[in-house]
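One structure is given here, and the rest of the page talks about it.
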């Protein structure tokens, strides 16, 4: 039950929901919360004023979700390749619409930047980075449920919080060797969960 609950909080499940039902308002709100900062960062990086970035980011996100129902995942390719293609198409729609709005207005300098190849690739990389970040978060949650509390804590303090193994051993009443073993075990479990989610994603989009 815990794993299912954790899975439902991830962007993987979120993309599935939006793929099936783009009108799902709860999923849309979560999508904006998760991806909004990355899109706003992309816009300001390429010259848009912070004051305008919020509204434009919503437009980009709308383009992204509008494309979701149209794209079928190809199991012969990686999910990231699918996500990149989806982002490129959403970017193209956004640029086309923005160009029509600003045509003849003289307000084209930022648009020129945003429609560059570099800007397109930058957007795709930022979307993918958010995907990877949340994928790691859910893998950590799943791995945590598979080990004892002390084992998880030893891993968290050393691998995530950067505390020296000897200090962690003293704090938890363990031998240093046990701390290293805990860290190694959790790293393997996290990799297992990441691989499993890649398989689940392929099955879900196929």
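For residue 81 paired with residue 129, estimate the spin-label separation in nm (one decimal), with each label point 7 Å from Cα along the Cα-to-Cβ line.
Simple spin-label model gives 2.4 nm for this pair.
Report the gain in length on full extension from residue 50 to residue 97: 0.36 nm times residue separation, minus Cα-Cα distance, nm rounded to one decimal.
This chain segment gains 14.9 nm when fully extended.
Order the peptides 59-66, 160-167, 28-35 from the highest to the lowest mean number of other Cβ atoms within 10 Å of their residues.
Ranked from most to least packed, the peptides come out as 59-66, 28-35, 160-167.
Compute the distance in nm between two label points, each set 7 Å from the Cα along the Cα-to-Cβ direction, one at residue 29 and one at residue 148.
Label-label distance for residue 29 and residue 148, simple model: 4.2 nm.
Using only alpha carbon pairs under 8 Å that are at least six residues apart, calculate the relative contact order of segment 146-206 and give it in whole percent.
Worked out over segment 146-206, it gives 30 percent.
Beta carbons within 10 angstrom, averaged per residue: use that to sort the peptides 126-132, 20-26, highest first.
126-132, 20-26
For 138, 95, 39, what's the fewest-to-most ordering of other Cβ within 10 Å of each Cβ?
Sorted ascending by nearby Cβ count, the order is 95, 138, 39.
Bear in mind these aren't lab numbers, they're just calculated from the coordinates by the rules spelled out. These figures come from a predicted structure and were not determined experimentally. Virtual Cβ from ideal backbone geometry, glycine too; neighbours counted across all protein chains shown.
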